Each structure stands twice: as structure tokens, then as C-alpha cells.
């Protein structure tokens, strides 16, 4: 074993441990921390982030990475050693370009801005966050300027979706949009589905039990994870053996908690499936925002909102909620959980209109970064674009420009495209999996997920960050990213549902 | 403001943050972590401990402490600045004597030993931990040798009970023992109390609700803390605004969970009561093991097992458990929670015999460190000493030498004396408090704890580590540590209970 490679691993393990510790503190902050802990917790997390950055950007790490070039070249591209050195170098070269003082300013501003947003949204007060958003825009531009780029948004997009650029996402979204808009028009010209059955009283404990039974069937390992309640659901990872999810329950809307659980479980299946060999290294993580989202969306939508899935699980659901569902037939229920409608809130949007919400945000990010749109013009622009794209405009900013936490958490640019890339990839991966295992749809209708989960683990999960997103897509599906499978999927499913 | 003092504060805050993060990880490990997280969690906590030690023992900290001598001398002894510099120097001078490599070995061994103990105790297998305990003894001796000392146990005792030495504890315990043994004999010559009422079925949820209602009355602030379940109850602190306790419930023994909650709440009241000015510094903590234990024992026993306490709370308890307690009168219940008996397990022991359990352990620690007792002789020695001191000997090692986690967690020496010092101080502090506020016993009988809590906060809690244990005892009670109040307390209470 190359001694310098061992040294590199030791240093990376230290950084990974600090990041994991920060993640535990973040999880605790949103699940169990009493209110009195807030102030100190902010400081503790900032300290961990700062020390992790200091340790990672230490010159000694750079020297090790330089010294290891010959060793890396001697190892196969997809070997653990070559992959770890390559990935660490990629991260290192990005990290050293960002001055620690800038990061401190960014973290402090992000905490202030997030805190202000938590009050501004319920108060419908965009004015209260507007100056903070101006600063966020400025900081995002400053951050991007640390890196070479064609478009100012490129470094921000590259951070989460390696290999994508403003120009390529723009083209992709334009082409996808050309397909989606007529589909939305065709569907919304039909009578809407009746989803009243979802809006009855569903006690939380039974909702939790049902959701957890489903994700256990998916293959989510509760010995290596757990589910807790938070205001905003998320997945977080402290090690490959400890991948947790959170959810929320609405006792008057069955869909909220259930699909949130399935969504976060999709993220968690990815992280639980990474090769144990990668523990304690930067390889032990999903490879990009888009590929990660492809897993949450696949398990939530392609699987969890499929007719086959409900053919298997609906009886169990009826048994869980006999009062609410014994008179509701499978077809009505299936239509309810797949209701397409022109709506205001991205996270509640159906599979078809969802991407139009994302595109609006992506376009606004580019426009703000380019300087062609001002922060103060956001509310009006939001209103107009919703009207023209979705056909319904928010009555206020609370359910308009204030609805998503992302921009108020310290970054404008690069934070939304992954959602639609994820939708696109979910169908591309699913099509490849069913090509390899044609029985997958029948399996799902029997509540069996082993073949699908196995294919995903083998072709995507196990590799962690060994391969970049473009590489993993090419390897797993035999072709580069393409939205054709996604359009085929939507046309097939919703064509049947709405008799198009 | 002295700029170097600010620099010192910054460096200490960083170390405090790392220690707090490690504490959060430890809390999570015992409360909610899934089993799969174990291995990585051990590594993460070791990394945080190592970095905290590195940061704290940095030469720059030593230089700051040297440079700040004139500033410290210019400030009043009990001022924030002088106290912080003094306390940090004390900790620093101890920390730099311990080589990092030794600490790493100690932590690794402690984790291995603890892990082995968790299996050895249920299996009644002392042989499995004996070699590990040999190594623990060796490491404890090595640790002590880093410091000047008269007795090899002195540095270990000094770490947790500053100002005490093997010789002084030995004398104290001998004198106390001379008083306790005849008292135990006199009590156990009487008919035993009937505690059958405690051993009925008590559902966990109601136990929890009752215990939490009591500690809320005590003054435990749930906005700055919370209670969770663990196998072994403990108190932990992440900041002055986040002081948590844990408990366990036994549905067939009411006393287990209730008195554990009151005990840990006593520790927590101390930590919640530290001056907020000390946040992020080493002053924000209880001053010694003995003073800390004085608070847990006071709120558990002197308050929580007093007749006055139950005069107020027993009706509420009967309302909570009408099936179990409506036919049990107050006097019977009061006698049940104060039953004195010759028993095997320290943590379940009554107030009178408890100290004999501690003294046995303390004496064995000294003997092992001195080399006059071998680890392999522990089981037999335990058996003999239990027989002679308590009058009952364990049928196996599980309930004998394997019962306490302490020695199996990496240290022999200094880990037990604090429990009896705590008992002694609990009575000394309580006597001083009631001298200042003679109504305290009547207050307790009305469920009012403000005067007692206020006196403790003012005379002990707020200072954190500003004063050492000997200093705080002298300041709060007007005299040095003395067991006379404790003996007076025991004779008064149990003399009345057992008509001596």
C-alpha cells in the first residue's frame, strides 16, 4: 500500500468525521433540540464547518495529491485509489479557491437570511428579506467569480450537477418544455380527478406505520437508519451505516406524509447502497444533485404513484384506514394520487406541472445572476410567469416567491435545476432497469422491489462518487442524459389516466 | 478589553464547540442512533476529542496564558476574566502533560473495554474483561505518572474532585463509616419496610408525565432541555441553553424511573443555572464531581424522598395511578421509598447503605493502583467485602464486580469517591440553605421550590467553575466540607422512620 495514499485517507477521514458531526448537529437542531439551544448550535456548526475547511485546504493535502499523481496513474480509473484521489483533487481544487473569510461571511449571512425568511414567509413580507436576497445574489456572484466560467451561473450549477452548464440546462429545459406545455394543456382540458378521499382525517400514528412498512419493503434498512419528524422533510447521512430520513404528517391530507416518506427513502436507499469500502471518504456520497433526485423521484413517483404499486398496497392501506377508504375503490384512489392541476406550490405539484415550477426558478436565477432581472422585481415577475406558464397566479408572496427556502439559505443559482434533471433521469434509469429486468413492473404489483433495488444498487448506488453524473448515466443506461424516456413515461401514464 | 483575552476566548470557544459537538454525538449514540451507526460514531467522537485536545494544547494557548498573567493579576479573583484565565491555565497545564498518542490509546482501549463489558455483564463472564481491566489499570497508572503526586491515585482523584487526595478521602470515609455502620445495624435490626406498593404495574407514559411535572416544579426548564430514554440515565450539556437528561422506566418498579429523573434533573438544574456570561468557555460547567453529585442527590433524596415532598405530591401520584395507589396511605408509601436494606446493587441502594457500596469501590481502586490487590482477585474480594460490610454477598459477578460501568470505561481510580462526597455535601448545602431560608421545608410540603433553587443558584450554580469545590463549599456554607450535617440528616430521618 502506498504510504502517502494512507496519509491522504487519514486526512480525508478527519474531514469526513467533522462534516458528519456537523450533520448530526443539524439533524438534532431540526428534530429534538430545545429552543434554548439555537444560538450556541449555530456557533458550534459554524466552528465544525470552518475547521473542516481548514483541515481540507491544508497545503499538506495539496502536496499529497500532487505526490500521488504517479500512483493514481498506475491504478485503474474506477479503482478505489484512483477514484478517491481524483475526487479529492476535484474537491480540493474547488475548495482552495474560496477564501475562508468569504465562507465565514457566507455562513453568517445564510443563517441570518434563513432566520429572517422563517418569519417573513408567514408574514407575507417580501420586503423584509429583499435586502438580504440582494446580498445573497452578490455573494453568489462573488463565489462564482472564484472559478473560471462562460456563464456566471456555471460554477454554481457545476457544484451540484457536475458536467452541466447554464447553456446546456437552458437548452435541455427549453426542449423539455416544448413537450410538457401541450401535455399540461391537454390534461387540464379534461375533467379534474377527484382527490377528496385524500382529504379526510388520517391519524398520524397509522400514517407513520403504513409509510414505514412500505419503505421497509423498498429495502430501506432501519438498522442503518430511522425516521423522525421535522417541519421540512430531508435525508441526512452520518455514515453508510446511519442514513436517516425525516417526514411530516398532515392529518387532513394523506398524500403529504406518505409521499414525503417515499421521496426521502429514495434518497436514503442511494446513500445506504454505497459500497462500505468508501466509508470515511468523500466517495461515500451520491454523485450529483440530479442523480440523487432521480432516486427520490423514482421511488416516490414512478414506483409509489404507479397503478401496480397500489394494486399491491391499496388493500393494506384500506385495512389501515377502513373508515376513510373502505368505500373508495382502487381506481378512484389511484387517480387521486395522480391528480394533475394548475397549482401554486412546487413541492405539492403533480408530476407533469412540477417541472414548469422548476424552470421558472431556474430562469429567474440566471436572469438575476446576469443582471437582467432585479431582486425587487421578483414578486411581479413571479406572478406573471405563473400566470403564463401554469395558468394560476399566487394571491400573495407567501405562496409565490417566498415559498422555497433555497434562495433564503444563502445561494442563488444552481439550486433548482437538479429537481428536473432528477425527474428526467428517474425515467431514463427506470427504463434501463426494466430493459434488464422486464418483470420489474409485475414485481412492483406484487410488492416486490428486489430486482429494481438490486439493479440500482449495482449500476448506481454502490459507486458513490466513483463516477461523475454524466459517466454514471452513460454506464447505467448506455446513452447520455435524454428526456425521451421521461416524456414516454408521462405520455403513457397520464395519457391512460386522462384518456388522451 | 485586553485583545489577548479576546484571542484566548476565541480559542477556548473553538475547543468548547468541539467538546459540545462530541457530547451531541454521544447523546445521539445512546438515544436514537440506529445500530448500524456504531462503528463510524466511535471514530467520529475520537476525531472530535483528538482535535479538541490538539487545539487546546497548542503552544499559542500557552503563550496567551503566559502573556495574560499581568492582566489576570489586575482583575479581581472572582471576575470573569481572572476566573477564566485561571481555570483555562489549570486545564492547560494538565492537558499538556498528557501525550496525544497516550490519549488515542486510552480512548481506543476504553471503547473496546466498554464494548466487551456490555457483553460480559449479561454473560456473567468476568474472565472476558479481566485482561482488559489489567490494561485499564496499567493505563490509569501511566496517566497518574504524568503528574506529581504523593499517592498514585491523587491525580485521578484531583481530576474530578479538585483539592481531594487519596489520604484525605481515606480519612473522611473511615470517619464516616464509623458513624454509618452502627446506623445500618440499628436499622436492619428493625422489621423491614414494606415496598410492595412500588412493585405493581405502572405504565410508562404516566410515569414520564408525573416525573416531568415534578422536575418542572423543581425549576428544570424544558425550553432549555428535554428528557429522553436511555439504558443508563445521564445528564449532558451542549450549551447553557441546552441541558438534557435521560431516564429509563421499569413498568414494574415505580421508583426506578422517578428517582432517576429527579436525580438527573438535579445535575441539570446545576448546569442550567450557570451564568449565561460563561457560555462557550470552560467556566460553564459544574465545578467538581462531588459538588455535582450533591445536587443530584439533594433533589433526588433530601427533597424527593422527604415526607414534605410526598405530603404535597402523593395526592397527584394517586390521581395518576388510582388503581395502584388509592388504597396505599401516605405513610406506607413514604416508608416504601425510603426502605433501608442490605442489597447488592449500588445504584438501587438506599441512602444509608449507599455509601458503603462506594467505599468498597474506592478502597479497591486504591489497592489495585498501589499493587496490593490484583485484578484477578477482584471477584473474591468483592464477595468477602460485601458479606462483611453490607451483610449480603452477590451470587455471581454480574451483580458483583461487573455491575458498574466505570472501571470498564477506561479508568480505575478517582471515579467513585464523588458519589459519597456528593451525599455529604448535599446535606451540608441543604442545611446552609435552610439556615438562610427556614421556610424551605414548609415550601417543599407545598410543592414550592423557589427559595431552595434560588439559594443554590445564587450560592453555587451561577459560578460554574469560577470557584473550586473547596472554595464553593466554604463560601456557601461558611465552613469546609464536613459530614456532620449528613449524619444529622440521616439520623433524624431514619431515626424517625425506624423509631431508633
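Structural remarks
Each row is one residue, and each column tells you yes or no for (1) touching a residue at least 24 places away in the same chain (Cβ under 8 Å); (2) more than 16 Å from the chain's Cα centre (by Cα); (3) surrounded by 17 or more Cβ atoms within 10 Å (Cβ to Cβ); (4) within 25 Å of residue A:134 (Cα to Cα).
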{"position": "A:345", "(1), (2), (3), (4)": "yes, yes, no, yes"}
{"position": "A:353", "(1), (2), (3), (4)": "yes, yes, yes, no"}
{"position": "A:360", "(1), (2), (3), (4)": "yes, yes, yes, yes"}
{"position": "A:364", "(1), (2), (3), (4)": "no, yes, yes, yes"}
{"position": "A:381", "(1), (2), (3), (4)": "no, yes, yes, yes"}
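- Tally of residues being within 10 Å of chain B (Cβ to nearest Cβ) and surrounded by fewer than 19 Cβ atoms within 10 Å (Cβ to Cβ) across segment A:33-42: 4
- All told, residue A:64 meets the bar of being modelled with pLDDT of 95 or more, surrounded by 15 or more Cβ atoms within 10 Å (Cβ to Cβ) and either away from every other protein chain (no Cβ under 14 Å) or not in a helix (DSSP H, G or I) (or both).
- Sole exception among (1) surrounded by 22 or more Cβ atoms within 10 Å (Cβ to Cβ); (2) more than 14 Å from every other protein chain (Cβ to nearest Cβ) for residue A:182, by number: (1)
- Of all residues in segment B:150-191, those being over 17 Å from residue B:358 (Cβ atoms) and either over 20 Å from the mean Cα position of the chain (by Cα) or outside the structural domain of residue B:410 (by TED's automatic domain parsing) (or both) number 12.
- Residue under evaluation residue A:459, criteria (1) touching a helix residue (DSSP H, G or I) at 6+ places or on another chain (Cβ under 7 Å); (2) buried (at least 18 other Cβ atoms within 10 Å of the Cβ), criterion not met: (2)
- From the list A:410, A:422, A:418, the lone residue that is assigned by TED's automatic domain parsing to the domain that holds residue A:485, buried (at least 20 other Cβ atoms within 10 Å of the Cβ) and at positive phi is A:410.
- Top-ranked residue of segment B:19-32 - restricted to ones that are part of a helix (DSSP H, G or I) and within 7 Å of chain A (Cβ to nearest Cβ), ranked as surrounded by the fewest Cβ atoms within 10 Å (Cβ to Cβ): B:28
- The selection criterion, being assigned by TED's automatic domain parsing to the domain that holds residue A:252 and either closer than 30 Å to residue A:462 by Cα or buried (at least 19 other Cβ atoms within 10 Å of the Cβ) (or both), holds for residue A:212.
- Segment A:458-469: number of residues that are under 15 Å from residue A:433 (Cβ atoms), in contact (Cβ under 8 Å) with a residue 12 or more places away in the chain and more than 18 Å from the chain's Cα centre (by Cα): 2
- Evaluation of residue A:46 against (1) assigned to a loop (DSSP other than H, G, I, E, B); (2) touching a residue at least 60 places away in the same chain (Cβ under 8 Å); (3) within 14 Å of another protein chain (Cβ to nearest Cβ) (one fails), failing number: (1)
- Against the numbered list (1) more than 9 Å from chain B (Cβ to nearest Cβ); (2) part of a helix (DSSP H, G or I); (3) free of Cβ contacts under 8 Å to residues at least 12 places away in the same chain, residue A:15 comes up short only at (3).
- Matching residues, segment A:138-155, being within 19 Å of residue A:96 (Cβ to Cβ) and either part of a helix (DSSP H, G or I) or in contact (Cβ under 8 Å) with a residue 24 or more places away in the chain (or both): A:139, A:142, A:143, A:144, A:145, A:146, A:147, A:154, A:155
- Residue B:230 satisfies every condition listed in (1) within 14 Å of another protein chain (Cβ to nearest Cβ); (2) over 20 Å from residue B:313 (Cβ atoms); (3) modelled with pLDDT of 95 or more except (3).
- Tally, over segment B:366-378, of residues that are within 14 Å of residue B:134 (Cβ to Cβ) and touching a helix residue (DSSP H, G or I) at 6+ places or on another chain (Cβ under 8 Å): 7
- Scanning segment B:155-172 for residues that are more than 22 Å from residue B:464 (Cα to Cα) and crowded, with 22+ Cβ neighbours inside 10 Å yields B:166, B:169.
- Residues of segment A:236-258 satisfying the condition of being closer than 19 Å to residue A:213 by Cβ and assigned to a strand (DSSP E or B): A:243, A:244, A:245, A:246, A:247
The values are calculated or read from the model by the stated rules, or taken from the named source; none is laboratory data. Note that this is a predicted model, so its numbers are computed, not measured. Note that we place each Cβ from the backbone using ideal geometry, even for glycine, and neighbour counts take in every protein chain shown.
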